[in-house]
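Heads up: the structure comes next, in structure tokens.
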Amino acid sequence: MIGIIVTFLMAILGLCLLSVFCLRHDGIGGKHPTGNRPNVLVAGLSAALVSPFEIIIGTDDYRKLRTIPELKSVRDMFWRDRRRIVLLWLDELRNDVHVLWEFRRFLVRNGLPVTFREEASVVFTGLLALLCLNVVRAAVFVFGPFAVQGALGYARLLVGRLSTWGLAALAHVPATRKAEIEERWTQQLLAMGMRIG
């Protein structure tokens, strides 16, 4: 039984690494297409994509605390608090994936012309983002908030890519229809009991 679990975890890790290399091969690996901060305009999303990423994952303060042995208890408390913050941030990103998925479905239901390739890309990226977020969440819980910084950035990149695709699709809608779609999306969010803004 343990062998099956280890094999499954190794397969997930291999899939994540493969997708990282594929994204880097596309030339988008390290940065978000719109710059350092993704453009988040979809109602219902949290601020997890635009929050100062370096503050959440930065190690400078923790490294300074490690140099002072007398502050071991403070360092341990800092580590626990940072882990809790990163786990909350990952939960917000996971919720954002669900909101972006609902938003994409909403656009398609409202007449957005899509191709099979676009939809396959959105589905693959959404599933990969959820998988990556869950694996990274487990890694942060086990190894701590400072052990998987690259994976945290990659998870954020995937969610940012979903956001960009949703906004790009909405950009092709005429302005008069866009206002109507935005109003209907807000009403749907209220009906689902989700936050707005």
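The values are calculated or read from the model by the stated rules, or taken from the named source; none is laboratory data. Worth saying up front: this structure is predicted, and the values here are computed from it rather than measured. Because the Cβ atoms are built from the backbone with ideal geometry, glycine has one as well, and the counts that use them run over all protein chains shown.
Being among the aliphatic types (A, V, I, L, M) and surrounded by fewer than 22 Cβ atoms within 10 Å (Cβ to Cβ) is the filter here; which residues of segment 100-112 pass it?
If the condition is that a residue be among the aliphatic types (A, V, I, L, M) and surrounded by fewer than 22 Cβ atoms within 10 Å (Cβ to Cβ), then Leu107, Val108, Leu112 are the ones that fit.
Does at least one position in segment 175-182 carry a residue that is of a type in the set (D, E, K, R) and touching a His at 6+ places or on another chain (Cβ under 8 Å)?
The answer is no; no qualifying residue exists.
For segment 85-126, name all the residues that are touching a Leu at 6+ places or on another chain (Cβ under 9 Å) and among the small types (Gly, Ala, Ser).
Gly126
For segment 122-146, which positions are of a type in the set (Gly, Ala, Ser) and surrounded by 18 or more Cβ atoms within 10 Å (Cβ to Cβ)?
Gly126, Ala129
Assess whether Arg84 counts as being touching a helix residue (DSSP H, G or I) at 6+ places or on another chain (Cβ under 9 Å) and in a helix (DSSP H, G or I).
No.
Among the residues in segment 163-182, are any within 16 Å of Ile57 (Cβ to Cβ), within 11 Å of the chain's Cα centre (by Cα) and in contact (Cβ under 8 Å) with a residue 24 or more places away in the chain?
Within segment 163-182 (the criterion being within 16 Å of Ile57 (Cβ to Cβ), within 11 Å of the chain's Cα centre (by Cα) and in contact (Cβ under 8 Å) with a residue 24 or more places away in the chain), the answer is no, since none of the residues qualifies.
Under the condition of being in contact (Cβ under 8 Å) with a residue 40 or more places away in the chain and not in a helix (DSSP H, G or I), which residue from segment 106-130 is nearest to Leu189 (Cα to Cα)?
Among those residues, the one meeting the criterion is Asn110.
Step by step: first the residues of segment 147-156, then only those that are among the aliphatic types (A, V, I, L, M) and either touching a residue at least 24 places away in the same chain (Cβ under 8 Å) or surrounded by 19 or more Cβ atoms within 10 Å (Cβ to Cβ) (or both), then the one that is nearest to Ile56 (Cα to Cα). Which residue is that?
Selected residue: Leu152.
Could you tell me whether segment 24-39 includes any residue that is at pLDDT 70 or above, part of a helix (DSSP H, G or I) and over 24 Å from Val140 (Cα atoms)?
No, there is no match, as no residue in segment 24-39 is at pLDDT 70 or above, part of a helix (DSSP H, G or I) and over 24 Å from Val140 (Cα atoms).
Restricting to segment 66-93, give me the number of residues that are crowded, with 19+ Cβ neighbours inside 10 Å and under 30 Å from Ala169 (Cβ atoms).
3
Taking segment 135-162, which residues are in a helix (DSSP H, G or I) and among the aromatic types (Phe, Trp, Tyr)?
Those that are in a helix (DSSP H, G or I) and among the aromatic types (Phe, Trp, Tyr): Phe141, Phe143, Tyr154.
Do you know which of the residues in segment 39-76 that are acidic (Asp, Glu) and under 21 Å from Gln149 (Cβ atoms) is nearest to the chain's Cα centre (by Cα)?
Glu54
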